[in-house]
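What follows is a short report on a single structure.
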Amino acid sequence: MLVPFLIMLREGLEAALIVGIVAGYLSRSGRGAWMPAVWTGIFLAAALALFVGAGLQLASAEFPQRTQELFEALVGFTAVAILTSMVLWMRKAARSLKSELQGSIDAALSGTRAQGLALVGLVFFAVAREGLESVFFLLAIFQQSPGAAGPLGALLGIFVSALLGYAIYVGGVRLDLARFFRWTGVFILFVAAGLLAGSLRHLHEAGVWNQLQAPIFDLSGILPEDGLVGSVLSGLFGYLADPTVGEAIAYLAYLAGALALFLRPAAPAPARPRPAPALR
């Protein structure tokens, strides 16, 4: 429950911040009448995410066992790729996100035709990206940790993120967003490493990957994955009670590379050229 909650809290807060920036800029620039177009874009993006998620879930239910394992592996690999790109993109784009969105709004509303459609499209694509990221992540998590706790945690994360987003928009709550996204980014990379190792296991069970299958250790009798502590460690860090050599290599190699990219110092902003002194 904790992992879906934290991920959806982050994803939901990203979407809420985007919507808040758009809504705030429209209000400050005297274009609040365009807010119905914003809500239309949000509704269409949410409907797309739900449709894709439901479609993939229903399709996978009809697969035979081997194909099911292969499907779960592909969903896991897709979730790892999306989570990694999302974390690294947010690290790079956070400083310029507000100005880029405001520039896109001005461009969307500067034309003489289809201004509403342009604004709907802007909000739709911005929110749909967050929604589709969440779909693949949740599918991968729910497949590895079935039960009602995961969906409940995800819904709670969305609810809390919506409340925080609204509180930030009206100015009643101040969050250190840079620190929030930094620490949740580290957490997401640990989750992605666990998904990668778990996806390799699904590939093996599908008969596709059979290399490096020697177990390193087996803690099933001491710390089983379905126990209380084991399930928490499995959700947070991708713990496996009996990891193989291949799974351990994938986990550690991914984590080392992803953390190095994410935690490296940000490049300094280019210095603005000083204006030339006026000639007398």
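Since every read-out is calculated from the coordinates, none of them should be taken as a lab result. Quick caveat, the model's predicted, so the values are computed rather than measured. Cβ sites come from the backbone with ideal geometry, for glycine too, and all protein chains shown count toward neighbours.
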Do any GluC sites (Glu not before Pro) in region 1-93 lie in a DSSP loop with no more than 12 other beta carbon atoms within 10 Å, and if so, which?
GLU62
In a shell of Cβ-Cβ distance under 13 Å around PHE71, excluding PHE71 itself, what net charge do Lys and Arg (+1) and Asp and Glu (-1) give?
-3
